[in-house]
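One structure is given below, encoded as structure tokens.
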Amino acid sequence: MIQPEPKSARLDARLPEPVLELLRRAAAIQGRTLSDFVVNSAREAAERAISDHELLVLSAADQQQFADALLNPPPVAEPLRDAAKRYHEMVDSE
């Protein structure tokens with residue numbers, strides 16, 4: 001079955017003439033239309049921004065500390081045990 005093309009939307013932007021010329025030149029170098037170049041460049045930048053926001057980067061030492069904490073968690077403090085017990089008593093009584 002042939003997939004229908006996704007609906008397209010329009011994006012208008014005002015930009016300085018030197019920026020427009022820069023984009024045109026870059027698109028021509030890659031043999032792409034200006035629209036294709038801009039859309040793909042913006043998509044790549046958006047994906048990178050989202051990835052940078054969602055990705056947690058740890059140093060080797062931080063990775064080791066995190067793994068150690070998962071594999072060998074510290075004992076649960078007594079006040080936390082008491083709070084959990086009170087919570088379960090309240091929830092179970094309802």
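Nothing in this text is a laboratory measurement; each read-out follows from the coordinates by a stated rule. On a predicted model such as this, the values are computed, not experimentally measured, just so you know. Cβ atoms come from the backbone with ideal geometry, glycine included; neighbour counts cover every protein chain shown.
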Please determine, in degrees from 0 to 90 and to the nearest 10, the orientation of helix 78-93 with respect to the longest principal axis defined by the Cα atoms of the chain, where the helix direction is its Cα long axis. 90
Region 68-91-region 51-66 distance, computed between alpha-carbon centres (Å): 26
Given a Förster distance of 25 angstrom, what is the FRET efficiency for Ile2 paired with Thr33, based on the Cβ-Cβ distance and rounded to 0.05? 0.55
Candidates Arg43, Arg25, Arg14, ranked by Gaussian network fluctuation over the chain, Cα under 10 Å, top entry: Arg14
Mean-square fluctuation check for the chain, GNM, Cα pairs under 10 Å: which of Glu54, Glu44, Glu17 is largest? Glu17
In degrees, nearest ten, helix 34-54 long axis to first principal axis of the chain (Cα): 10
Nearest-0.05 FRET efficiency for Glu89 and Ala67, computed from C-beta distance (R0 30 Å): 0.30
For Rg/Rh (Cα atoms, Kirkwood Rh), calculated from these coordinates, the label among [x] 1.83; [y] 1.34; [z] 1.08: [y]
What do you get for the angle between helix 60-71 and the principal long axis of the chain? Use alpha-carbon atoms, 0 to 90 degrees, nearest ten. 40
As an exercise, use a Förster radius of 35 Å and the Cβ-Cβ distance of Ser51 and Glu21 to find the FRET efficiency, rounded to the nearest 0.05. 0.70
